[in-house]
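So the structure is just underneath, and the comments pick up after that.
Just so you know, all these numbers are worked out from the coordinates, no wet-lab data involved. These numbers were taken from a predicted model, which means no experiment stands behind them.
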Amino acid sequence: MQITKIVVTGGPCGGKSTAMRWISHVFTKAGYKVLFVPETATELITGGVAPWTCGTNAEYQKCQMKLQMEKENLFEQAGRTMKTDKLLIVCDRGELDNKAYMNEEEFAEVLGFLGATEEELLARYDAVFHLVTAAKDTVRFYTFENNQARYETAEEAVALDQRLMNCWSGHPYLKVIPGQDDFAMKMRHLMNEIADYLGTTVTVDMDEMIDD
């Protein structure tokens, strides 16, 4: 079985939620079994577990990163039992995203708790694809409506977007997908970048995806 685990990340309102739907459609048609590991931060925050409800930010990050790691391991374990030759595991954010929300001391504390190094966390993923926030170049599309856990202003979103890119800068395969006035073209760019990494070609029917 060929197993590939990728991260789709990016600043707030970068298009991750829509990207998951496109990836599912495009790569299932290309013969892949596609699994999606849900974003852990949104899951916890909407459930009442957040940096501002836990004792400290570091304690929250320990919970988030441990749960995120366990979810990824579980998805890979389940995937290995499936009848497929090509398995694509897509992580809605990865472990290193969390570094953007901590200072150096907090990050070191969390790494010690996990018993892991930053290099080991980077090595968990084969490729990383960063969707640039709409707040950077297409600010009129920046919205809070599609994520109840989002709270950043446009200016904060741009700063966070850069911090997230910096967190993944040590990964050997990091691709940045910039914003475009035509959002569908941004999604097509992402599909082609993922396909290039997989060493395959895909057919992206723009009309079909937009009408879906």
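The HN-Hα couplings worked out from phi for region 80-91 by the Karplus form 6.51 cos²θ - 1.76 cosθ + 1.60 (θ = phi - 60°) are 5, 8, 8, 8, 7, 8, 10, 10, 10, 9, 10, 9 Hz, whole numbers, x standing for Gly and Pro.
Length, then width, then depth: along the principal axes, the Cα atoms of the chain run 48, 44, 31 Å.
Amide H contacts of Leu131 (H built 1.01 Å from N, in plane; Pro and chain starts excluded): Thr9, Gly10, Gly11, Ile177 sit under 5 Å, all sequence-distant by 5 or more or on other chains. Pairs exceeding 28 Å between alpha-carbon atoms, taken from Lys71/Lys175; Lys33/Lys66; Lys71/Lys136; Lys62/Lys83; Lys16/Lys99: Lys71/Lys136; Lys62/Lys83.
In this structure, the amide hydrogen of Phe36, modeled 1.01 Å from its nitrogen in the peptide plane, lies closer than 5 angstrom to those of Val90, counting only residues at least 5 positions away or on a different chain.
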